Amino acid sequence: MKDALLARFVDDRTCLSEKELGELIDELRSDEKLAREVRDYLVFDEMLSENLREDRGDLPAQVRQRIRDLENGTKSRESTRKFAIKVKRAAGETPAASGVWRRAVWGLLAIAAGIIVVLGVLIPRMKDESSDHSGILARANDMEGNATVVRGDKNVPVSTSGGLMPGDSIRVKEGETLSFIYVDEETKVSLEGGTRLRIPSQDRGKRLNLESGRLTASVAKQPAGKPFVVDTPQAEITVVGTRFTTSVFSWKVLMRLEVTEGLVRLLSKGDGKVLDVGAGEYATVMNGVGFIGAPPTDKLPRAEMLREIQVPENVGKVAAIAIEETALWAASAEKPALFQLDMEDAHVLKEVDLSAEFGRILSLAWDGTHLWVLAPAPSTARGKGGRHGISLAAVDLTSGKAVRWVDRSGWDYLRGGKLSLTFGEERLWLKRSGGMIEEIDPAGGNTVRSHSTRLNGGSVIAHGDGVLWSHVWGWIFRVEPADGDLTLVGTFPPYSASGDMVAVGKGLVWTIKGKNRQRLCLMKMPKGD
Amino acid sequence: MPSEQDSDARFEEILEDTQLPVRAYIAGMGVSPDDVDDVTQDVYVAFYKQKGTLPPDTTPVQWLKGIAKNLCLEHFRRSKRYGERFTALAEILEQLPDSQEVSAGDDSYRDALLHCFSKLSDRHRELVNLRFRKNLPAKTIAERVKSTEQAVRVILFRVRKALKDCITREVAKGAAG
């Protein structure tokens with residue numbers, strides 16, 4: 001088959017003629033290898049969309065809305081689509097395919113919200129574009145290389161653009177630089193290589209959208225009520241008459257702001273919190289986490305891998321781990337079973353079947369006497385109390401039966417990312433949705449204290465050396481339960497930590513490694529200070 | 001007999017846990033990316049109507065894939081454009097052995113994607129951004145980058161292949177240690 005035909009089909013399922021589609025089907029029918037290749041590409045596209053697409057909807061929320069509509073006898077799906085398409089057409093935008101808006105299945109309330117949001121977004125945008133050529137906002141005063149401006153459908157060099165206007169998108173390639181000065185005041189902005197910047201409407205004051213890269217600005221005093229704002233994917237930076245430096249790392253994950261003079265107000269989009277950053281100070285914002293005080297990521301210390309062991313085949317993928325003095329406990333992700341493993345070579349010392357009590361295990365913690373299992377509330381527990389939520393259970397390691405139950409009811413326990421359990425200071429520490437951590441008395445089962453932290457939904461926690469550690473996406477944080485602050489202390493080497501983590505003291509932790517989760521790593525944590 | 005609350009809790013749990021493999025399965029049947037979410041919603045609504053019950057010895061993903069198969073075929077049959085052809089295509093793709101793709105939600109996958117994305121040239125990165133991040137069609141991308149629609153599709157296909165190979169390599173490297 002010609003690659004061109006395959007390329008067209010993979011990119012757009014609707015672009016082939018009926019004859020071409022027939023030819024493709026005939027080929028796939030006679031060539032299983034090719035059919036698998038095509039199927040893999042289709043699945044791969046879905047994975048790319050899942051990880052990259054900006055307007056990807058929240059499927060569980062959409063399903064819940066559909067169910068509410070179903071139960072209320074409301075059918076809003078078709079009308080919502082038509083409405084959305086109208087709005088899209090009115091804005092002059094062309095979706096990737098005619099069905100692009102079909103994904104948006106909102107209920108009646110969502111329609112109302114949609115009107116507000118869509119108008120809120122589109123009206124300024126249409127106004128913005130209509131006023132694109134109403135006047136020059138700034139002019140380049142220094143540049144290396146050939147930075148370009150995307151203006152409407154055209155891509156023009158900054159040098160011949162005649163000046164920068166609202167609606168322009170500026171691209172500075174690697175190795176190039178661009179500085180520009182506003183025409184009506186002494187505000188200077190410098191962009192480094194690899195930066196992408198959009199100039200939106202200036203109706204509410206001077207505003208720049210820094211998509212990625214690094215921007216330095218020296219900002220003159222602004223009129224009252226019209227502050228100078230730099231908008232980034234992670235945070236909104238409002239300058240309060242100052243000179244400042246900000247960096248945005250690409251991939252929408254991390255942003256670092258450095259202030260050299262004056263005062264800057266930082267709004268973290270992840271958690272809606274506001275922080276004032278003064279001269280000589282810096283702040284880092286991480287997507288979904290909020291503020292974290294941290295040195296630059298490229299200079300972050302790395303955890304050191306001291307040892308790794310392969311778990312036996314019969315354990316399968318590891319869902320959770322805990323330490324019992326000289327042995328590791330691993331919960332299988334494939335069946336409700338615990339395995340006591342030798343720390344040297346991971347051979348199985350003992351296997352405990354938990355199928356009588358649990359369907360699957362989310363996290364483990366050893367309290368010095370008992371192994372605690374965190375799991376979705378089993379049917380037996382729910383049958384007694386009519387609960388839905390989670391259960392913590394101290395299990396008898398001979399029979400696999402629970403000897404003590406701590407139940408927590410509520411939807412929140414089953415939503416919002418990873419649940420994680422650890423033990424320290426005579427308490428069980430349960431990390432749940434929204435970054436909330438509960439300290440639970442294992443004897444009474446009561447919550448002694450709750451802490452609201454800035455932990456991301458995907459993070460896990462481990463208590464050790466009197467410190468509460470957390471990691472997410474390879475970043476290691478120290479958690480300050482008292483105020484919920486996070487300090488970024490370093491990173492794990494790539495693939496060395498995925499999911500659960502357990503501290504063993506003296507700055508050491510065990511982690512579950514990589515995709516197949518069948519290797520465990522002993523890591524030396526970086527020093528945070 | 002489980003209580004209504006039990007069923008709801010179990011449904012929520014299954015919805016959160018299975019949405020990625022179910023989406024991938026539906027995409028792998030040849031459903032257009034813009035229809036994948038719609039069909040996936042239909043799958044979970046159908047499952048909800050069954051009160052979230054599962055036959056014994058069947059995993060949620062297996063059961064949901066069964067529902068998804070029927071709904072995908074129904075989706076194609078309803079299609080005004082070459083419905084019969086797409087139904088035939090879906091039947092071929094559905095009979096293939098399970099794909100070994102890793103989960104898109106896996107941390108290692110995300111790390112590998114990040115790494116491989118950073119290795120692309122500026123031009124290829126821009127194309128991927130326009131196609132997957134902004135969800136723009138090849139025609140619009142071609143206009144933006146001053147190329148032809150077909151050339152954009154061919155380049156995107158090569159970039160997909162490079163990214164896919166790189167991610168597979170990186171994930172395997174991570175898994176092997």
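The values are calculated or read from the model by the stated rules, or taken from the named source; none is laboratory data. Keep in mind the model is a prediction, meaning the values are calculated, not measured. Glycine gets a Cβ as well: all are built from the backbone with ideal geometry, and neighbour counts include every protein chain shown.
Here are a few things to note about the model shown:
- Any hit, the stretch A:421-434, residues being over 17 Å from the mean Cα position of the chain (by Cα), within 13 Å of chain B (Cβ to nearest Cβ) and either closer than 17 Å to residue A:500 by Cα or modelled with pLDDT under 80 (or both): no
- Segments classed as strands (runs of 3 or more DSSP E), wholly inside the stretch A:139-185, with at least 3 members that are within 21 Å of residue A:231 (Cα to Cα): A:148-151, A:169-172, A:177-182
- The set of residues from the stretch B:13-43 being among the hydroxyl-bearing types (Ser, Thr, Tyr) and within 20 Å of residue B:132 (Cβ to Cβ) comprises B:25, B:32, B:40.
- Residue A:498 being among the polar types (S, T, N, Q) and under 17 Å from the mean Cα position of the chain (by Cα): yes
- The condition (being more than 7 Å from chain A (Cβ to nearest Cβ), crowded, with 21+ Cβ neighbours inside 10 Å and modelled with pLDDT under 85) is satisfied by just one residue among B:68, B:112, B:90: B:112.
- Among the residues listed as A:76, A:98, A:17, the single one being touching a Gly at 6+ places or on another chain (Cβ under 8 Å), surrounded by fewer than 21 Cβ atoms within 10 Å (Cβ to Cβ) and either at pLDDT 80 or above or more than 7 Å from chain B (Cβ to nearest Cβ) (or both): A:76
- Pairs where the first residue, in the stretch B:126-139, is at the interface with another protein chain (Cβ under 8 Å from one of its Cβ atoms) and among the small types (Gly, Ala, Ser) and the second is outside any helix (DSSP H, G or I) and buried (at least 18 other Cβ atoms within 10 Å of the Cβ), C-beta under 6 Å, 6+ apart: none
- Pairs are defined by a Cβ separation below 6 Å, a sequence spacing of at least 6 or placement on different chains, a first member in the stretch A:22-44 that is more than 7 Å from chain B (Cβ to nearest Cβ), and a second member that is surrounded by fewer than 16 Cβ atoms within 10 Å (Cβ to Cβ); the pairs so defined are A:27/A:1.
- Residues in the stretch A:159-176 that are within 14 Å of residue A:143 (Cβ to Cβ) and surrounded by 16 or more Cβ atoms within 10 Å (Cβ to Cβ): 6 in all.
- If the condition is being modelled with pLDDT under 90 and of a type in the set (Lys, Arg), then the stretch A:496-527 contributes A:506, A:513, A:515, A:517, A:527.
- Checked against (1) more than 7 Å from chain B (Cβ to nearest Cβ); (2) closer than 24 Å to residue B:18 by Cα, residue A:52 passes all but condition (1).
- Selection within the stretch B:140-169: residues that are touching a residue at least 24 places away in the same chain (Cβ under 8 Å) and within 21 Å of residue A:155 (Cβ to Cβ). The member of this set that is nearest to the other protein chains (Cβ to nearest Cβ) is B:156.
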